[in-house]
1. So Ser24 fits all but one of (1) modelled with pLDDT of 95 or more; (2) part of a helix (DSSP H, G or I); (3) of a type outside the set (Asp, Glu); (4) surrounded by 10 or more Cβ atoms within 10 Å (Cβ to Cβ); what number is the exception?
2. Does Gln42 satisfy being modelled with pLDDT of 95 or more, in a helix (DSSP H, G or I) and over 12 Å from the mean Cα position of the chain (by Cα)?
3. Taking the condition of being in contact (Cβ under 8 Å) with a residue 40 or more places away in the chain and either surrounded by 14 or more Cβ atoms within 10 Å (Cβ to Cβ) or over 20 Å from Glu17 (Cβ atoms) (or both), how many residues in region 59-84 meet it?
Amino acid sequence: MSSPGQNLNMSGVMQDERIERDFSARSEEEQQAFLEQTWCDQCQEVNLGMTNPNEYLFKGIIFIEGECNRCGHVVLTELTEDDF
């Protein structure tokens, strides 16, 4: 049996891990918005769109990562409270 302090440490470590989420569980409208409203650092252009979305939670922040429709580089969207 572990002490409560050890449990707190374990949960703290777990929060630093990447936790996969189900992008397809979002509404169709919400999925489209995230797939279309993007920023590509490589192209330096907005709203080029992304393919192959992968949603995950990392350090308490939800991210959607995919590939730029134009150049194929990684596109990363960080969801803020405004997105909820």
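The values are calculated or read from the model by the stated rules, or taken from the named source; none is laboratory data. Bear in mind that the values here come from a model prediction, so they are computed numbers and not experimental data. So basically every Cβ, Gly included, is an ideal-geometry build from the backbone, and we count neighbours across all protein chains shown.
1. Of everything listed in (1) modelled with pLDDT of 95 or more; (2) part of a helix (DSSP H, G or I); (3) of a type outside the set (Asp, Glu); (4) surrounded by 10 or more Cβ atoms within 10 Å (Cβ to Cβ), Ser24 misses just condition (4).
2. On the way: modelled with pLDDT of 95 or more: yes; in a helix (DSSP H, G or I): no; over 12 Å from the mean Cα position of the chain (by Cα): yes.
So Gln42 does not fit the description; no.
3. Going through region 59-84, the residues in contact (Cβ under 8 Å) with a residue 40 or more places away in the chain turn out to be 59-60, 62, 64, 77.
Still in the running and either surrounded by 14 or more Cβ atoms within 10 Å (Cβ to Cβ) or over 20 Å from Glu17 (Cβ atoms) (or both): 62, 64, 77.
Selection size over region 59-84: 3.
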